[in-house]
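Some notes on the structure that comes next.
The values are calculated or read from the model by the stated rules, or taken from the named source; none is laboratory data. Note that the structure is a prediction, hence the values are computed from the model and not measured. A quick note on method: Cβ atoms are made from the backbone with ideal geometry, for glycine too, and the neighbour counts reach across all protein chains shown.
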Amino acid sequence: MPALYQTLAILVIALALHTAALAVGPVRVRLLQIGPRVEESARSFGYSAPAAFRAVTLPALSQSVLAGATSIAAAALDVSGSHSVILNAAPNAKTPSRKFLI
């Protein structure tokens, strides 16, 4: 692991794990609001389980997924400055911090 210490790959992994909960929240709430009866009604019209998921559940989740992605982007922009300073302060840093700024 010392080869990955203070690299961009570890930064991306840590940021993804740190902000994953921001995306799960809105999607979970929306799935609980939809309930199983909506999908069951699509199945009663002859849709298979995957087709009912694509036709009913995915369109209903689209706004929640967008809200989660927006939350992740905002959180990533919020912490990217501090992480770029940490990466730039590393003795073996190969990438200057200004490349991480958007």
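I'm checking my understanding of the structure. Among residues of segment 24-45 that are among the polar types (S, T, N, Q) and loosely packed, with under 11 Cβ neighbours inside 10 Å, which one is farthest from LEU11 (Cα to Cα)?
Within segment 24-45, the subset among the polar types (S, T, N, Q) is 33, 41, 44.
Filter again for loosely packed, with under 11 Cβ neighbours inside 10 Å, leaving 33, 44.
Working: GLN33: 35, SER44: 47 Å.
In this case the residue turns out to be SER44.
Restricting to segment 1-53, count the residues that are of a type in the set (Gly, Ala, Ser) and within 20 Å of SER71 (Cα to Cα). Give the steps one after another, and end with the answer.
So in segment 1-53, the residues of a type in the set (Gly, Ala, Ser) come out as 3, 9, 14, 16, 20-21, 23, 25, 35, 41-42, 44, 46, 48-49, 51-52.
Then keep just the ones that are within 20 Å of SER71 (Cα to Cα); that gives 14, 16, 20-21, 23, 25.
Number of matching residues: 6.
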Segment 1-23 - residue that is among the β-branched types (Val, Ile, Thr) and under 30 Å from PHE53 (Cα atoms) and, of those, surrounded by the most Cβ atoms within 10 Å (Cβ to Cβ): THR19
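What residue, among those in segment 46-91 that are at pLDDT 55 or above and assigned to a loop (DSSP other than H, G, I, E, B), is surrounded by the most Cβ atoms within 10 Å (Cβ to Cβ)?
Residues of segment 46-91 that are at pLDDT 55 or above, as a first pass: 46-88.
With assigned to a loop (DSSP other than H, G, I, E, B) added as a condition, the list becomes 46-48.
Details: GLY46: 8, TYR47: 16, SER48: 10.
Ranking the qualifying residues of segment 46-91, first place goes to TYR47.
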